[in-house]
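Asker: Dumping the structure here so I can ask a few things about it.
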Amino acid sequence: MEAEYNFKEIEHKWQSHWRENKLFKMHPDSPRPTFYCLMMFPYPSAELHVGHGRNYIIGDVLARYKVMKGFNVLAPMGWDAFGLPAENAAIKLNIHPKISTWNNIGRMKKQLGQWGVEYDWDREFASCEPLYCKWTQWLFLQFYKKGLAYKKKAAVNWCPSCATVLANEQVINGECERCGTGVTQRDLEQWFFKITAYAEELLDMSHLGDWPERVKTMQTNWIGKSHGVTIDFRLAETGEAIPCYTTRPDTIFGVTYLVLAPEHPLVARLTAGTSIEKEVADFVERCRRIDRIKRTSAELEKEGMFIGKHIKNPVNGDIVPLWIANYALMEYGTGAVMAVPAHDQRDFEFAKKFGLPIKVVIQNPERNLSESTMERAYEDEGFLANSGQFEGLPSRETIEKIGVWMEEQGIGKRTVNYRLRDWLISRQRYWGAPIPIIYCETCGTVSVPEKDLPVYLPENVEFKPTGESPLARSPEFVNATCPNCGRAAKRETDTMDTFVDSSWYYMRYLSPHDEKRVFDSDLVNKWLPVDQYIGGIEHAILHLMYSRFFTKVIRDLGLINFHEPFSNLFTQGMIIKDGAKMSKSKGNVVSPDALITKYGADTVRVYTLFIGPPDKDAEWNDRAVEGAYRFLGRVWRLVHQHLDKLREGNSEIPPKLTDSERELRRIAHATTRKVTEDIEERFHFNTAISALMELVNAMYTLNLEGARPAVLREALEKLVALLYPMAPHICEELWSRLGHTKSLLREQWPGYDKNAIAADEMVIVVQVNGKVRSHVTVPSDCSEEDLKKAVMDDSRVASHVNSRNVQKIVVVPRKLVNIVAK
């Protein structure tokens with residue numbers, strides 16, 4: 001009698017077995033080749049949905065596959081545990097962030113276990129743990145010693161009602177998320193990491209392995225390298241220099257006004273004590289409330305003010321007005337923009353709106369341009385006009401020539417510029433790693449001695465809905481002793497951006513409990529870069545770039561000998577529901593819990609992998625999950641219906657095979673090749689599962705009654721082993737019922753015989769009006785016409801067709817023929 005597929009009992013049994021026997025434990029002394037498989041550092045958000053599951057299931061499939069392929073696999077898991085959500089929960093629910101964070105971690109670990117996703121849990125850590133925090137702070141101090149950590153004034157988000165600084169994440173549509181007050185910008189002292197020192201190296205991606213091109217393009221664009229000239233314009237009234245960076249020195253003779261970013265430090269000084277001082281200050285404040293991305297948008301309504309000063313153009317002596325405008329940003333170039341409205345659309349729109357002159361200095365070679373008739377800026381190449389000694393030269397050529405000439409004249413310098421700005425790591429909140437700095441009135445800014453690390457977060461703090469960090473109101477934290485002079489001092493109350501924690505965690509997994517060093521360099525150099533990194537495309541810029549930056553700095557500290565953190569990167573697509581990304585606010589979140597209870601973890605895993613190419617977005621359909629459940633039921637029944645027969649005979653494949661046996665071997669070995677290639681080369685788990693479904697269909701369709709035990713066993717064992725990474729619980733159980741004593745994780749990945757795949761003959765399924773009526777054996781190189789003839793000559797086919805009119809014969813190469821007859 002066939003055993004029942006009791007997935008609840010089976011999944012509990014094998015999850016316990018994997019953990020109790022620590023089958024995913026990495027052994028540092030193993031002679032096997034290493035393979036580091038890593039999922040992106042997750043934030044403990046308490047509830048995982050099926051969209052999250054895609055990431056973890058893909059990683060688990062790959063780890064199991066690589067173990068079976070003979071690798072010593074490192075697949076660790078930890079927690080990016082600091083962050084704003086936990087602190088918000090503390091304010092709203094009066095729960096300490098430490099408590100809510102560890103509660104969330106416990107819940108997520110349980111969900112991962114229910115999915116059958118396993119890790120080397122002996123290496124687990126959370127970034128909020130004192131030991132990890134100690135080494136994050138130690139790294140900060142190394143950056144500080146190298147001049148890569150510094151403090152300067154920077155614009156921050158300020159809530160007037162809460163009287164505090166807000167992180168960008170706390171600003172929603174220009175308003176404070178806590179109280180709804182409009183957010184303004186203020187200049188405050190902030191800590192930065194000097195990532196710009198590595199801009200050129202970050203552009204060099206020659207040490208990266210297989211990374212999506214769009215990720216590399218996004219990083220390249222974010223760094224934004226450009227070649228241009230920094231030109232010294234001068235105030236006509238005083239002669240004071242105002243440096244201005246441009247990538248278009250060929251248009252320098254067409255400047256009709258100069259624009260400063262509203263935040264430019266000259267603005268307040270030049271308008272101080274004038275009749276327009278307040279008007280300018282109000283305009284500056286309005287601009288600072290506009291999102292910086294919106295300010296660079298072509299659709300932005302251009303606004304500006306003349307601030308009563310004039311600029312002298314160094315190349316022709318033209319005196320032009322000095323304006324401030326909302327489209328100019330302090331973060332780009334020098335914060336000053338030479339405006340050439342005839343050849344820049346932004347400047348053109350601004351000039352038209354405010355009645356400023358337009359001067360053509362690049363002529364269209366196809367038709368003459370006139371300032372009075374221009375309807376938009378001419379931004380293409382042409383020949384210089386009204387441009388002194390450069391008159392008539394091609395504009396492309398003169399970009400370099402004018403740069404050289406400016407250097408000779410001492411009025412400009414050829415410059416390489418980067419859009420990338422230094423990384424602001426200061427956060428005015430509690431739940432983060434404290435910055436290990438002390439301020440002494442006598443000694444100034446002093447590093448916390450390494451022997452005194454970590455700087456602990458005080459637990460006895462009061463959370464108030466004021467937005468102010470509890471650290472600033474904690475005397476036990478703030479009050480310190482200067483390590484240099486012994487006098488009373490104050491601690492830095494800012495904490496570090498949580499991206500700092502996630503920028504080096506992948507190295508810590510090699511020695512997660514080491515108290516004496518940041519990590520074991522020998523082990524890190526042996527195992528890294530990470531062989532396969534898996535996570536979402538949303539991390540393409542910040543996390544991935546910061547991790548690359550950290551790796552290069554740590555290399556320069558002499559701790560590692562490689563250049564990039566991750567050799568290969570896979571970015572999985574999102575699983576969406578009702579056409580949108582899953583979120584609680586949209587009410588379209590699908591929890592895995594109910595599905596696992598109803599169908600089992602293996603069903604959820606198989607459906608998640610089968611839903612579509614893993615690098616593409618896919619729509620979740622609850623009803624379609626049942627199809628995966630039926631497939632696993634068919635696998636279960638297929639194995640059990642042959643168990644008695646498998647106990648007979650030997651395990652040697654007979655030298656002479658029947659047609660059905662030969663076809664079964666061909667399909668089984670072809671499927672092995674297909675699944676192996678799909679996992680190894682393409683991550684196409686959906687097509688791998690499809691191939692396994694075809695194998696199961698073939699085994700049900702072929703006449704296996706006369707098949708000998710050795711042939712049957714080979715096909716069934718290949719099926720179970722190939723399916724194992726995707727549906728590990730059911731396959732472990734079936735493997736044991738097939739008579740094996742070891743876990744499939746300790747077995748070798750099945751190989752395939754090319755000779756078996758290239759069989760001389762093939763068995764074709766024949767359908768009449770969609771129903772299987774026969775099988776015909778034909779040569780492998782049989783033509784379509786010969787195949788149709790063989791089908792129509794088959795006696796069983798003839799008995800079903802009889803004298804009916806054959807309307808169409810549909811041929812699926814090497815698989816089936818369907819006869820449509822009436």
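The values are calculated or read from the model by the stated rules, or taken from the named source; none is laboratory data. None of the values given here were measured: they were computed from a predicted structure. Cβ placement follows ideal geometry from the backbone for every residue including glycine, while neighbour counts extend to all protein chains displayed. Heads up: the accessible areas ignore ligands, DNA and RNA and are worked out on the full protein's heavy atoms, side chains in. Shrake-Rupley method; radii C 1.70, N 1.55, O 1.52, S 1.80 Å.
Asker: What full-extension length gain, to one decimal in nm, is calculated for K225 and I653 as 0.36 nm per residue of separation minus the Cα-Cα distance?
Answerer: The span from K225 to I653 would gain 147.7 nm if fully extended.
Asker: Taking the DSSP beta bridges in the chain as the whole, what percent of them are antiparallel, to the nearest 5?
Answerer: Antiparallel bridges: around 75 percent, rounded to the nearest 5.
Asker: Under the rule of -39500 (n - 2.57) per DSSP H run of 4 or more residues, summed and divided by the residues of the chain, what mean residue ellipticity at 222 nm is obtained, to the nearest 500 deg cm²/dmol?
Answerer: After summing the helix terms and dividing by residue count, I get -11000 deg cm²/dmol.
Asker: Same structure again: For the range 383-427, report the translational diffusion coefficient in µm²/s to the nearest whole number, using Stokes-Einstein at 37 °C, 0.692 mPa s, and a Kirkwood Rh over Cα pairs.
Answerer: Value of D from the Cα-based Kirkwood radius: 252 µm²/s.
Asker: Right, something else. What is the calculated FRET efficiency for M218 to T701, with r their C-beta to C-beta distance and R₀ = 56 Å, to the nearest 0.05? Don't skip to the answer; put the middle values down first.
Answerer: Details: r = 48 Å, r/R0 = 0.86.
FRET efficiency, M218 to T701: 0.70.
Asker: Continuing with the same structure: Please list the equivalent ellipsoid semi-axes of the range 344-403, computed as the square roots of five times the alpha-carbon gyration tensor eigenvalues, in descending order and whole angstrom.
Answerer: Result for the range 344-403: semi-axes of 22, 13, 10 Å.
Asker: Sticking with this one: Before I look further, what does the chain give for accessible area per residue, probe 1.4 Å, in whole square angstrom?
Answerer: 44
Asker: Given the Cα atoms of the range 25-84, and with Rh set as the inverse mean 1/r over their pairs in the Kirkwood sense, what is Rg to Rh to two decimals? Walk me through the intermediate numbers first.
Answerer: Values: Rg = 13.7 Å, Rh = 13.0 Å.
Across the range 25-84, the Cα-based Rg/Rh ratio is 1.06.
Asker: Let me ask you something else. From the C-alpha coordinates alone, can you work out the Kirkwood hydrodynamic radius of the range 684-822, in Å? Walk me through the numbers on the way to the answer.
Answerer: Numbers: mean 1/r = 0.0577 Å⁻¹.
Computed over the range 684-822, the radius equals 17.3 Å.
Asker: Right, something else. Between R289 and W121, what's the calculated FRET efficiency when r is the beta-carbon distance and R0 is 35 Å? Round to 0.05.
Answerer: Details: r = 48 Å, r/R0 = 1.36.
The calculated FRET efficiency here is 0.15.
Asker: Continuing with the same structure: If I compute solvent accessible area with a 1.4 Å probe over the protein chains, what percent of it on the range 714-753 is carbon and sulfur? The partial results should precede the final answer.
Answerer: Details: 490 of 1180 Å².
Ligands and nucleic acids excluded, carbon and sulfur reach 41 percent.
Asker: Over the alpha-carbon set of the range 204-253, work out the extent along each principal axis and list the three values in angstrom, largest first.
Answerer: Result, largest extent first: 57, 20, 15 Å.
Asker: May I pose another question? Put F24, F383 in order of accessible area, largest first, 1.4 Å probe: what do you get?
Answerer: Greatest to least solvent exposure: F383, F24.
Asker: Please compute P(r) over all alpha-carbon pairs of the range 406-562, binned at 10 Å starting from zero, and give each bin as a whole-number percent.
Answerer: With a bin width of 10 Å, the distribution comes to 9, 26, 29, 22, 10, 3, 0.
Asker: Quick one: if you take sqrt(5λ) for each eigenvalue of the C-alpha gyration tensor of the range 43-186, what semi-axes come out, biggest first, whole angstrom?
Answerer: 35, 22, 15
Asker: For the range 105-245, what log10 I(q)/I(0) values come out of the Debye formula at q = 0.13 1/Å, with one point per alpha carbon and no solvent?
Answerer: Debye intensities relative to I(0), on a log10 scale: -1.19.
Asker: If you don't mind, another one. Could you please report the charge total around E784, scoring K, R as +1 and D, E as -1 over all other residues with beta-carbon less than 14 angstrom from its beta-carbon? Show your work: numbers first, answer last.
Answerer: Working: positive: K788, K789, K808, R814, K815; negative: D781, E785, D786.
Local net charge: +2.
Asker: Determine the gain in length on full extension of the stretch N103-F354; use 0.36 nm per residue of separation and subtract their C-alpha separation, reporting nm with one decimal.
Answerer: Working: separation 251, 0.36 × 251 = 90.36 nm, distance 5.90 nm.
The span from N103 to F354 would gain 84.5 nm if fully extended.
Asker: In a Debye calculation with equal point scatterers on the alpha-carbon sites of the range 263-302 and no solvent, what is log10 I(q)/I(0) at q = 0.19, 0.27, 0.33 Å⁻¹?
Answerer: Reported log10 I(q)/I(0), two decimals: -0.62, -0.91, -1.08.
Asker: How large is the dipole of the range 79-136 about the Cα centre if only Lys and Arg carry +1 and Asp and Glu carry -1, each at its Cβ, rounded to the nearest 20 debye?
Answerer: Numbers: 7 positive and 7 negative charges, 53 e Å.
Here the range 79-136 has a charge dipole of around 260 debye.
Asker: Also, quick follow-up: On a C-alpha basis, how far is the centre of the range 660-707 from the centre of the range 743-789 in Å? Whole number, if you could?
Answerer: The range 660-707 and the range 743-789 have Cα centres separated by 10 Å.
Asker: Across all directions of projection, what mean area in square nanometres is found for the Cα convex hull of the range 762-822?
Answerer: 3.5
Asker: Once both labels are modelled 7 Å past Cα along the beta-carbon direction, what's the E189-R555 spacing in nm?
Answerer: 3.5
Asker: In the set (i) 78, 73, 55; (ii) 102, 76, 51; (iii) 104, 77, 47, which value of Cα extents along the principal axes in Å was calculated from the structure you see?
Answerer: (iii)
Asker: Roughly what angle does helix 685-701 make with the longest principal axis of the chain, taking Cα atoms, 0 to 90 degrees, to the nearest 10?
Answerer: Long axis of 685-701 versus the principal axis of the chain: about 10 degrees.
Asker: Seen from all sides and averaged, what is the projected area of the convex hull of the Cα atoms in the range 439-489, in nm²?
Answerer: On the way: hull surface 16.7 nm².
Projected over every direction and averaged, the Cα hull of the range 439-489 covers 4.2 nm².
Asker: Give, to the nearest whole percent, the P(r) tail of the range 358-444 beyond 16 angstrom, counting all Cα pairs.
Answerer: More than 16 Å apart: 72 percent of the Cα pairs in the range 358-444.
Asker: Looking at the calculated P(r) for the range 208-288, what percent of the C-alpha pair distances fall above 15 Å? Can you show the working numbers first?
Answerer: Numbers: 2330 of 3240 pairs.
Pairs farther apart than 15 Å: 72 percent.
Asker: Turning to a different aspect of this structure: Report, to the nearest 10°, how far helix 7-20 tilts away from the longest principal axis of the Cα atoms in the chain, using its own Cα long axis and a range of 0 to 90°.
Answerer: Taking the Cα atoms of the chain, the angle to 7-20 is about 60 degrees.
Asker: So, one more: Would you kindly work out the equivalent ellipsoid of the range 208-344 from its C-alpha gyration tensor and give its semi-axes, the square roots of five times the eigenvalues, largest first in whole Å?
Answerer: So the three semi-axes of the range 208-344 are 29, 20, 12 Å.
Asker: Using only Cα atoms, tell me the angle between helix 625-641 and the longest principal axis of the chain; keep it within 0 to 90° and round to the nearest 10.
Answerer: 30
Asker: Classify the range 540-667 as rounded, prolate or oblate, taking a ≥ b ≥ c as the square roots of the eigenvalues of its Cα gyration tensor: rounded when a/c is under 1.5, otherwise prolate if a/b is larger than b/c and oblate if not.
Answerer: oblate
Asker: Ignoring everything but the protein chains, give the 1.4 Å probe accessible area of V589 in square angstrom, nearest 10.
Answerer: V589 exposes around 60 Å² with every protein chain in place.
Asker: So for the range 514-614, considering every pair of alpha-carbon atoms, how many percent are separated by more than 19 Å?
Answerer: The calculated P(r) of the range 514-614 puts 62 percent of pairs beyond 19 Å.
Asker: What is the log10 of I(q)/I(0) for the range 487-565, computed with the Debye formula using one identical point scatterer on each Cα and no solvent, at q = 0.11, 0.20, 0.23 Å⁻¹?
Answerer: -0.35, -0.94, -1.15
Asker: List the residues of the range 436-457 whose backbone N lies under 19 Å from a point placed 7 Å from the Cα of A488 along the Cα-to-Cβ direction.
Answerer: Answer for this model: 438-446.
Asker: R0 = 51 Å: FRET efficiency of I276 with F562, Cβ-based, nearest 0.05?
Answerer: 0.35
Asker: I would also like to ask the following. If you line up the Cα atoms of the range 283-418 on their principal axes, what length do they span on each, largest first, in Å?
Answerer: That works out to 44, 36, 29 Å along the principal axes.
Asker: Decide, for the range 585-656, between rounded, prolate and oblate: order the square roots of the alpha carbon gyration tensor eigenvalues as a ≥ b ≥ c, take rounded if a/c falls under 1.5, and otherwise choose prolate if a/b is larger than b/c, else oblate.
Answerer: Judged from the Cα gyration tensor, the range 585-656 comes out prolate (a/c at least 1.5, a/b above b/c).
Asker: Let me ask another. Going by a ≥ b ≥ c, the root eigenvalues of the Cα gyration tensor, does the range 66-150 fall in the rounded group (a/c under 1.5), the prolate group (a/b larger than b/c) or the oblate group?
Answerer: Details: a/c = 3.25, a/b = 1.16, b/c = 2.81.
Cα axes put the range 66-150 in the oblate bin.
Asker: Quick check: residue separation of K586 and L393 times 0.36 nm, minus the Cα distance between them. What number comes out in nm?
Answerer: The K586-L393 span can extend by a further 63.6 nm.
Asker: In addition: Across bins of 10 angstrom width beginning at 0, how are the C-alpha pair distances of the range 411-475 distributed, in whole percent?
Answerer: In whole percents, the pair-distance histogram is 15, 33, 27, 13, 9, 3.
Asker: Dipole magnitude of the chain about its Cα centre, charges +1 at Lys/Arg Cβ and -1 at Asp/Glu Cβ only, in debye to the nearest 20?
Answerer: Dipole size: approximately 1280 debye.
Asker: When the Karplus curve 6.51 cos²θ - 1.76 cosθ + 1.60 is applied with θ = phi - 60°, which whole-Hz ³J(HN,Hα) does each residue of the range 415-420 get, with x for Gly and Pro?
Answerer: Calculated HN-Hα couplings, in order: 9, 9, 10, 10, 6, 4 Hz.
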